[in-house]
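Student: Sharing a structure with you now.
The numbers here are math on the coordinates, done by the rules we state, and not lab data. Fair warning: this is a prediction, and the values are worked out from it, not measured in the lab. Using ideal geometry, Cβ is built from the backbone for each residue, glycine included, and neighbour counts are taken over all protein chains shown.
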Amino acid sequence: MAVATRGTDNRVLRVCRLLNRRRVRYLLAGGVAANLHGSVRATRDVDILVPRDLANTRRLLNALAELPYRIAAELDATDVARKPFTIVGDEPRVDILTVAGSLTFDRAWPNRIVRRIDGVRVPYLGLDDLLASKRTGRPSDEADIEVLKRMRRS
């Protein structure tokens with residue numbers, strides 16, 4: 001029986017497989033990225049940070065259109081690339097972010113961490129960028145910042 005790597009589950013790996021297959025440039029963010037850094041945090045959605053690039057956004061939506069309810073097939077790539085976030089309420093729910101707090105994809109890309117989990121390439125925000133992305137003022141993000149700062153000191 002395979003043992004799951006903390007921070008991932010089948011829904012995260014399913015999204016990463018779909019995005020990787022279409023050569024989408026993305027970074028996992030939010031609670032999943034926090035879990036990959038070792039935080040124990042419940043999260044139901046998969047947050048991804050993407051560049052404001054129309055060709056990439058088209059590949060992204062084509063990939064996510066393979067999820068069960070095909071909600072991404074109904075979205076316009078130009079609108080998604082222009083907005084700070086778009087929620088794709090599929091199974092799993094995927095939040096597409098073009099900015100996370102004050103963090104952009106272009107700023108985060110050089111600091112990314114990439115792991116292989118069950119043969120799937122999983123790129124996610126480095127710890128400093130994750131902390132920057134969490135500076136939103138939301139109570140859940142403030143709690144994440146405290147946990148992540150403690151982890152950095154350990």
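Student: Nearest 10 degrees is fine. How inclined is helix 10-21 to the longest principal axis of the chain, computing both from alpha carbons?
Tutor: 50
Student: Calculate, in nm to one decimal, what R44 and E142 gain on full extension: separation in residues at 0.36 nm each, minus their alpha carbon distance. Mind showing how you got there, number by number?
Tutor: Values: separation 98, 0.36 × 98 = 35.28 nm, distance 1.83 nm.
Extra length available between R44 and E142 comes to 33.5 nm.
Student: For Cα Rg over 2.2 N^0.38 Å, pick the label among (i) 0.98; (ii) 1.04; (iii) 1.79 that corresponds to the value derived from the coordinates.
Tutor: Answer label, from the structure shown: (i).
Student: How far is it, in nm, from the label point at E66 to the one at D106 when both lie 7 Å from their Cα along the line to the Cβ?
Tutor: It is 2.9 nm.
Student: Enter the angle in degrees (range 0 to 90, nearest 10) between the Cα long axis of helix 54-64 and the first principal axis of the Cα atoms of the chain, meaning the one along which they spread out most.
Tutor: That works out to roughly 90 degrees.
Student: Tell me, what is the FRET efficiency for D118 and M151 to the nearest 0.05, using R0 = 22 angstrom and their Cβ-Cβ distance as r?
Tutor: Details: r = 24 Å, r/R0 = 1.08.
Using R0 = 22 Å, I get an efficiency of 0.40.
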